[in-house]
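S.K.: Before I ask anything, let me first share the structure, which is written out below as structure tokens.
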Amino acid sequence: MTMIGFIRHGATEWNAEHRIQGLRDVPLSAEGRTALEGARPPALLARAHWYASPLLRAVETAEMLGLMAMPEPLLLEMDWGEWEGRTVAELRTADPEGMKVNETRGLNFRPPGGESPRDVQARIKDWAEALVDQGPGVYGAVTHKGVIRAAVALALGWDMLPPDPVKLKWNAAHILRVTTAGAFEVVELNVPFGRMGEIR
């Protein structure tokens, strides 16, 4: 069995401003670093082999969690193209009809010049299949909200149209298994972090 635990990066200034980050290389904010102090992955992932998106906010989160994580470009956040740096409120004001149409597309939603969630799922599948080929093991990924939602959608068969089938917490791990046939299945979602000294 191949098991993968997904963890989202800590908070950034752009998170606080509700800006779409995408591939922009935004570092953790002071608040984001403070929230991660002393945190460790949950016990289920204590022996995992770790990977991280190469973006600074994910790399810094891995370091704050005490992890030695290999950079993995397939774990990059969804490319939001022309919308990066904007807020959803700004986009709704600028193009209210276009936003309404996009919000009904689910997995096929695509910002101008960017990726769709379906594209992100294809990346995740490629990465997971390479892990399965290595043989059974436990792996961890420090990555981004868009990547984790796309992976969970694979496991749940969710088309990514509202309402969300589960409320994902972003200060927790989301653990999936990948079968030898390449299917994703939920092990446990919203697994709380451990604290320094609790996990051996």
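The values are calculated or read from the model by the stated rules, or taken from the named source; none is laboratory data. Small disclaimer: the values here were computed from a predicted structure and weren't measured. Cβ: placed from backbone, ideal geometry, glycine included. Neighbour counts: every protein chain shown.
S.K.: Considering only segment 96-142, how many residues are part of a helix (DSSP H, G or I), in contact with an Asp or Glu (Cβ under 7 Å, 6 or more places away or on another chain) and on the phi < 0 side of the Ramachandran plot? Explain how you work it out, then say what you get.
M.R.: Narrowing segment 96-142 to residues part of a helix (DSSP H, G or I): 96-102, 106-108, 117-133.
Now drop any that are not in contact with an Asp or Glu (Cβ under 7 Å, 6 or more places away or on another chain), which leaves 106-107, 127.
Applying the additional criterion that residues be on the phi < 0 side of the Ramachandran plot yields 107, 127.
Residues meeting the conditions: 2.
S.K.: Ok, one more. Does any residue in segment 121-149 that is of a type in the set (Asp, Glu) come within less than 7 Å, Cβ to Cβ, of a residue that is surrounded by fewer than 23 Cβ atoms within 10 Å (Cβ to Cβ) six or more places away or on a different chain, and which pairs are these?
M.R.: These pairs meet every condition: Asp126/Leu74; Glu129/Gly182.
S.K.: Let me ask you something else. Being of a type in the set (Val, Ile, Thr) and in contact (Cβ under 8 Å) with a residue 12 or more places away in the chain is the filter here, so list the residues in segment 20-55 that pass it. Working first, answer last.
M.R.: Within segment 20-55, the subset of a type in the set (Val, Ile, Thr) is 20, 26, 34.
Residues satisfying the conditions are Ile20, Val26.
S.K.: Suppose we filter segment 91-119 for residues that are surrounded by fewer than 15 Cβ atoms within 10 Å (Cβ to Cβ), within 21 Å of His144 (Cβ to Cβ) and in contact with a helix residue (DSSP H, G or I) (Cβ under 9 Å, 6 or more places away or on another chain); how many remain?
M.R.: Residues flagged as surrounded by fewer than 15 Cβ atoms within 10 Å (Cβ to Cβ), within 21 Å of His144 (Cβ to Cβ) and in contact with a helix residue (DSSP H, G or I) (Cβ under 9 Å, 6 or more places away or on another chain) within segment 91-119 amount to 3.
S.K.: Mind telling me which of the residues Lys167, Lys145 ends up being at pLDDT 95 or above, loosely packed, with under 13 Cβ neighbours inside 10 Å and closer than 26 Å to Gly32 by Cα?
M.R.: Result of the check over Lys167, Lys145: Lys167.
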